[in-house]
Amino acid sequence: MSDTNEHDTVDDVPSLGGGASRAVGPIFVDAAGRTHVGHARKSNEDNFHITRFGRYLRTVASSLTAPDTPDDFEQVGYGFAVADGVGGSAAGEVASRLAITLIIDLVLQTPDWVFAENAIDVRTVMARTARRFGLVNDAVVAEAAARPGLRGMGSTLSLAISMGAELIVAHVGDSPVFLYRGGRLLRLTRDHTVPTSQLGVHPAVAARVRLALTHAIGIPATGGAPELSRHKLADRDRILLCTDGLTDLVSEDDIADELGRVSAEDACQALVGRALDRGGGDNVTVVVASFRFPGTAGTTG
């Protein structure tokens with residue numbers, strides 16, 4: 001089992017329309033993640049990652065006086081990723097790990113900064129995210145073709161990117177992203193699956209694998225075509241990214257109950273515990289992030 005916990009302040013960015021948002025004040029983010037192999041699997045093919053990104057300017061020393069001295073400046077965002085590997089043996093773990101590490105590498109290669117001092121170019125972030133899914137998918141397909149032991153490997157990939165009050169969600173597969181608001185759980189993604197009975201597979205396979213992925217990293221035709229959406233965060237919102245090791249065993253009502261806990265870390269532990277108590281038949285991974293907007297109300301967008 002691995003876990004992480006992060007607390008920081010970031011800029012509040014209410015929508016201005018036209019794909020841009022303006023920073024007006026601080027918010028507080030409490031984020032945590034947890035993964036467990038479960039009770040039935042020999043290896044954990046799930047992976048998750050939480051990252052904090054930003055830029056800042058701090059005056060260390062200056063002969064200038066106000067108003068010539070620039071104010072300290074900081075803009076911070078968060079990235080949350082969950083990937084559930086498929087392919088059997090070690091291939092699934094390789095695929096999910098590759099999917100996340102390649103996304104991180106591509107972000108590090110970004111040639112410019114999409115935060116302006118007072119605005120965020122959300123449309124550019126969404127376009128770049130879609131393009132990165134394509135590059136990651138191509139790389140995983142190529143790796144699987146080059147290494148016989150990895151043929152057929154793939155992975156779901158779900159990303160949530162928060163830049164102040166702006167939330168961008170991108171995903172392929174069936175690792176859902178939820179928004180928890182006012183005691184209600186709202187699903188922000190739809191699963192990219194079909195019943196195996198529609199695919200004409202052998203009955204023995206259909207009995208073991210109820211649903212088949214139509215979109216996933218590693219599928220040449222669909223892995224690079226993520227579903228994207230944009231949302232507006234509000235005060236006390238929480239987001240949840242998870243694998244089907246949670247949702248196959250724990251109802252959405254029970255998930256909502258656990259998301260009401262005080263801290264993101266407590267919610268992660270409780271959610272994983274629920275899945276394990278109900279059999280833990282698969283790897284289970286959860287990432288939870290809570291957002292506070294002091295002095296603001298925020299609205300859904």
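The values are calculated or read from the model by the stated rules, or taken from the named source; none is laboratory data. Everything numeric in this text was worked out from a predicted model, so none of it was measured. Using ideal geometry, Cβ is built from the backbone for each residue, glycine included, and neighbour counts are taken over all protein chains shown. The area values use the complete protein model at the heavy-atom level, side chains included, leaving out ligands, DNA and RNA. Shrake-Rupley method; radii C 1.70, N 1.55, O 1.52, S 1.80 Å.
Restricted to the range 111-123, and to residues there that are open to solvent by 40 Å² or more (accessible area, probe 1.4 Å) and over 16 Å from Val169 (Cβ atoms), the residue that is modelled with the lowest pLDDT is Glu117.
Of everything in the range 51-83 that's β-branched (Val, Ile, Thr) and surrounded by 15 or more Cβ atoms within 10 Å (Cβ to Cβ), which residue is modelled with the lowest pLDDT? Residue satisfying both the conditions and the ranking: Val76.
Please indicate, with yes or no, whether at least one residue in the range 136-146 is at pLDDT 90 or above and either within 20 Å of Gln75 (Cβ to Cβ) or basic (Lys, Arg) (or both). No, that holds for no residue. Residues in the range 265-283 that are open to solvent by less than 10 Å² (accessible area, probe 1.4 Å) and assigned to a helix (DSSP H, G or I): Ala267, Cys268, Leu271, Val272, Ala275. Looking across the range 233-244, the residues that are charged (D, E, K, R) and either in a loop (DSSP other than H, G, I, E, B) or at pLDDT below 95 (or both) come down to Asp235, Arg236, Asp237. Look at (1) open to solvent by 40 Å² or more (accessible area, probe 1.4 Å); (2) modelled with pLDDT of 75 or more and you find that Gly33 fails only one, number (1).
Would you check if Val86 is touching a Gly at 6+ places or on another chain (Cβ under 8 Å) and either of a type in the set (S, T, N, Q) or crowded, with 17+ Cβ neighbours inside 10 Å (or both)? Taking the combined requirement at face value, the residue satisfies it. Filtering the range 139-146 for residues that are open to solvent by 10 Å² or more (accessible area, probe 1.4 Å), in contact with a Pro (Cβ under 7 Å, 6 or more places away or on another chain) and in contact (Cβ under 8 Å) with a residue 24 or more places away in the chain leaves a non-empty set.
So that you can scan it fast, the table gives a plain yes or no per residue for (1) surrounded by fewer than 17 Cβ atoms within 10 Å (Cβ to Cβ); (2) at pLDDT 95 or above:
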position	(1), (2)
Leu157	no, yes
Met163	no, no
Leu179	no, yes
Pro195	yes, no
Ala204	yes, no
Arg210	yes, no
Leu213	no, no
Ala225	yes, yes
Leu246	no, yes
